[in-house]
Amino acid sequence: MTISLHEASVGVYVPYLRNLSALLDHAEAHARARNVDPDVLLAVRLSPDMYSLRQQVGEANRHVVLSCALLAGCAPPAFAEAEPDIAELKARIAATIDFAQSLPEAAIDAAADKDVVFTFRSGATRPFTRKSLILTFSVPQFFFHVATAYDILRHAGVDLAKKDFLGPPRPPRG
């Protein structure tokens, strides 16, 4: 059995981005039910030196956009540097899904061993093959940020369960 680079990237990212968007729906409902400004939830951190919920969602999107652009050999879309509210975060997730799904599978699957360079916010760079970018860096980074967003919401009292993180069962692709 062979798993394509497209399946290991877009095929993994898209369902979990949808789950992340649904987590934000839970956050919004929680805030509304308790008469709390949703921005309060977006500013919550698990630790003072960790990113806020808003930043965790942003970083999850960023890893998808940058890694998919590197895989497909195209420019990534850019998002405004504003402090997004829940609606804007959900719109960015939707735009990220649209971008990832718009990329041709063949472009992503081609040349898994081709070299790419990931550029960090600081300007530092790190070389990868396309395959190692996905398997050892971007997918793990993505899951770190999605899991941390989930954990922040749980910590803030939002009623969530593991199924909210995992999302609905998905049939095998065939």
**Report entry** Residue that is among the aromatic types (Phe, Trp, Tyr), at pLDDT 95 or above, surrounded by 13 or more Cβ atoms within 10 Å (Cβ to Cβ) and more than 16 Å from Leu66 (Cα to Cα), where the choices are Phe165, Phe142, Phe99, Phe128
**Finding:** Phe165
**Report entry** All positions within the range 38-68 that are part of a helix (DSSP H, G or I), closer than 17 Å to Ile86 by Cβ and free of Cβ contacts under 8 Å to residues at least 60 places away in the same chain
**Finding:** Pro38, Asp39, Val40, Leu42, Arg54, Gln55, Gly58, Asn61
**Report entry** Pairs, first in contact (Cβ under 8 Å) with a residue 60 or more places away in the chain and of a type outside the set (Gly, Ala, Ser) in the range 111-134, second loosely packed, with under 10 Cβ neighbours inside 10 Å and in a loop (DSSP other than H, G, I, E, B), C-beta under 7 Å, six or more apart
**Finding:** Lys131/Asp113
Query raised in the report: Any chance the range 37-57 includes a residue that's modelled with pLDDT of 95 or more, within 24 Å of His6 (Cα to Cα), surrounded by fewer than 18 Cβ atoms within 10 Å (Cβ to Cβ) and not β-branched (Val, Ile, Thr)?
Result: no
Query raised in the report: Among the listed residues Ala106, Ala110, which satisfies the condition of being surrounded by 13 or more Cβ atoms within 10 Å (Cβ to Cβ), farther than 24 Å from Ser21 by Cβ, at pLDDT below 95 and out of contact with any helix residue (DSSP H, G or I) (no Cβ under 8 Å at 6 or more places or on another chain)?
Result: Ala110
Query raised in the report: Name the residues in the range 100-122 that are part of a strand (DSSP E or B) and more than 26 Å from Gln55 (Cβ to Cβ), would you?
Result: Asp115
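The values are calculated or read from the model by the stated rules, or taken from the named source; none is laboratory data. As the structure is a computational prediction, the values presented were derived from the model and not from experiment. Neighbour counts are summed over all protein chains in view; Cβ atoms, including those assigned to glycine, are modelled from backbone coordinates with ideal geometry.
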